Amino acid sequence: MAKYVVTGGKKLAGTVRVSGAKNAALPIMAAALMTEGETILENVPNIADVRCMGRILESLGAVVTWLDANRLSIKVNGKIGSGTPYNLAKKLRASNLLLGPLAGKLGRAEISMPGGCLIGSRPMDLHIKGLKAMGADVTTEHGLIKAKGKLQGEKIYLDFPSVGATENLMMAAVFASGRTELENAAKEPEIVDLANFLNAMGAQIRGAGTDLIRIKGVKELRPVNYSVIPDRIEAGTFAIGAAITGGKVRLENVIPMHLVPLIAKLKEVGVHLIQEEDALEVGGKEEYAPTDIKTMPYPGFPTDLQSPMLALLAKAKGTSMIVENIYENRFRVAGELKRMGANIRVEGQAAVIVGVDQLYGAQTKATDLRAGAALILAGLAAEGLSEICGIEHIDRGYEGFQAKWNSLGAEIKRIED
Ligand code: EPZ
């Protein structure tokens, strides 16, 4: 496994451009299969997950070409397959986002049950329940989810505002006959971006970004050029990096409105922030107040910034508490941070963080994408050298990670084992 070696004690300073959103690009790439012709996507992050999704689309018959660093062409001409190959699907949970497009467009889909991961079981029950409500015959056997049948519009209540289930059912409803209503839908900005992309192609979706999304079935879509929104989680990770190192960083290509919960929490602990229309200036300090955080579906505090905030609060002047309400097992990084001197006690869905004066470099292991980012952040603030292994997780979701952070004054070296 490759590892990063981080030299602690460097203040971040300078300007960095935030990449396109991983969690918008992935469903939009899946949706591009729903039309014939060439779709051109701009501001696509060139990361392992996106490249893997590209290979999955190619296995289904699409032609996927990088036109330049962040511009992607997806060409669909004629028949597309209905099954995702296990060897690729197992690498990428988001391969489950092909369920809706294929079931909606072809009337049949066969996708690999995404494996659970270290943050939780991540079931697909809400996706399956919604497709069944729309008239699909759905079976789950031999590690596959199979959906068959022409879809009818239906009123569907989501027991939990699942991002993936909202995306899959919204895409499935585009070609369903009649009207579909998704109640208690997820409201993340990535859902709105997907709906905007689908509507640009000729879909009729209203209410994305609210908890009631209405979709009127259409006959076909046409290919478009579309630019993906900036990645609010990458932006938030940089903001926390500026804070934890006491540095001063300007983030460009951000949508501050998408970062409201993080901006509020950073201000609460004492970080200085200036918002511009598409930029954010973050001024760190030497010490921070503690705070309490509850992760919630958007517009609540995002679970994907929970681990990075754990790192920041590890050095706050007082005791903080974080409650993780989205995943059942997303505090694994606490054990790694404790190896660096953090004082964190995990009790079920809550972590109590007693701030310490200093973190110390150590050898640690990333267990998921955001845990990896948190360990880098702690390494930046720690005294001495930190080694983080399992950084393939970081490559999955942060474009040009090492180059971007080092351009801000970090000292991160990559060592291939
Ligand atoms: C998306 O995952 C993101 N991934 C995740 O980001 C993010 O953490 C998550 O939304 C929540 O914001 C992508 O968009 C590719 P969910 P998704 O369905 O769609 C439960 C990252 O680091 N649930 O909203 O899988 C589930 O178990 C990744 O970029 C069901 O119970 O998230 C989980 O506890 C990590 N039944 C909760 O809902 C279902 O059918 C949230 O899941 C579906 C979900």
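Some notes on this structure:
- Scope the stretch 80-133; condition open to solvent by less than 30 Å² (accessible area, probe 1.4 Å), in contact with a strand residue (DSSP E or B) (Cβ under 6 Å, 6 or more places away or on another chain) and of a type in the set (A, V, I, L, M, F, W, C); matching residues: 89, 98, 99, 102, 103, 109, 111, 128, 131
- Cβ separations smaller than 6 Å between residues 6+ apart or across chains give the following pairs from the stretch 195-213 residues that are under 17 Å from residue 154 (Cβ atoms) to residues that are at pLDDT 95 or above and in a strand (DSSP E or B): 204/216; 205/215; 206/214; 207/213; 207/214; 212/183; 213/182.
- Enumeration of residues in the stretch 302-328 that are more than 9 Å from the ligand (Cβ to nearest atom) and over 17 Å from residue 352 (Cβ atoms): 305, 308
- Residues in the stretch 175-187 that are open to solvent by 10 Å² or more (accessible area, probe 1.4 Å) and either outside the structural domain of residue 135 (by TED's automatic domain parsing) or in contact with a Pro (Cβ under 6 Å, 6 or more places away or on another chain) (or both): 184 alone.
- Count of the stretch 194-216 residues which are out of contact with any helix residue (DSSP H, G or I) (no Cβ under 7 Å at 6 or more places or on another chain) and outside any helix (DSSP H, G or I): 11
- Top-ranked residue in the stretch 56-76 [being among the hydrophobic types (A, V, I, L, M, F, W, C) and in a helix (DSSP H, G or I); ranked as farthest from residue 392 (Cα to Cα)]: 57
- Which numbered condition residue 252 misses (of (1) under 21 Å from the mean Cα position of the chain (by Cα); (2) charged (D, E, K, R); (3) over 20 Å from residue 283 (Cβ atoms)): (3)
- Residues considered: 390, 397. Of these, the only one that is within 20 Å of residue 331 (Cβ to Cβ), within 16 Å of the ligand (Cβ to nearest atom) and surrounded by fewer than 21 Cβ atoms within 10 Å (Cβ to Cβ) is 390.
- Qualifying residue in the stretch 212-235 (condition: outside the structural domain of residue 303 (by TED's automatic domain parsing), within 14 Å of the ligand (Cβ to nearest atom) and farther than 25 Å from residue 40 by Cα): no
- Test: residue in the stretch 164-174 that is buried (at least 17 other Cβ atoms within 10 Å of the Cβ), more than 16 Å from the ligand (Cβ to nearest atom) and outside any helix (DSSP H, G or I): yes
- Selection count, the stretch 341-371, where residues are charged (D, E, K, R) and either more than 16 Å from the ligand (Cβ to nearest atom) or within 16 Å of residue 382 (Cα to Cα) (or both): 4
- Selection count, the stretch 134-147, where residues are of a type in the set (Lys, Arg) and open to solvent by less than 60 Å² (accessible area, probe 1.4 Å): 0
- All positions within the stretch 275-287 that are surrounded by 21 or more Cβ atoms within 10 Å (Cβ to Cβ) and free of Cβ contacts under 8 Å to residues at least 60 places away in the same chain: 280, 282
- Residues of the stretch 225-274 satisfying the condition of being assigned to a loop (DSSP other than H, G, I, E, B) and either of a type in the set (Ser, Thr, Tyr) or without any contact (Cβ under 8 Å) to a residue 60 or more places away in the chain (or both): 270, 271
- Pairing each residue of the stretch 377-399 that is within 17 Å of residue 51 (Cα to Cα) and assigned to a helix (DSSP H, G or I) with any residue that is away from the ligand (no atom under 16 Å from the Cβ) and of a type in the set (Gly, Ala, Ser), provided the two are 6+ apart or on different chains, yields C-beta distances under 9 Å for 392/2; 395/2.
- Filtered by the rule that a residue be open to solvent by less than 20 Å² (accessible area, probe 1.4 Å) and within 14 Å of the ligand (Cβ to nearest atom), the stretch 1-29 gives 19, 20, 21, 22, 24, 25, 26, 27, 28, 29.
- You will find that of 80, 47, the residue that is within 30 Å of residue 233 (Cα to Cα) and either within 22 Å of the chain's Cα centre (by Cα) or away from the ligand (no atom under 15 Å from the Cβ) (or both) is 47 and no other.
- First in the stretch 297-321 and at positive phi, second anywhere and surrounded by fewer than 24 Cβ atoms within 10 Å (Cβ to Cβ) and part of a loop (DSSP other than H, G, I, E, B), Cβ under 8 Å, 6 or more apart: 318/289; 318/290; 318/355
- All positions within the stretch 188-227 that are buried (at least 21 other Cβ atoms within 10 Å of the Cβ) and of a type in the set (D, E, K, R): 188, 190, 193
The values are calculated or read from the model by the stated rules, or taken from the named source; none is laboratory data. No experiment lies behind these values; they were computed from the predicted model shown. Note: ideal-geometry Cβ built from the backbone for every residue, glycine included; neighbour counts use all protein chains shown. These area figures cover heavy atoms from the full protein model, side chains too; ligands, DNA and RNA do not enter into them. Shrake-Rupley method; radii C 1.70, N 1.55, O 1.52, S 1.80 Å.
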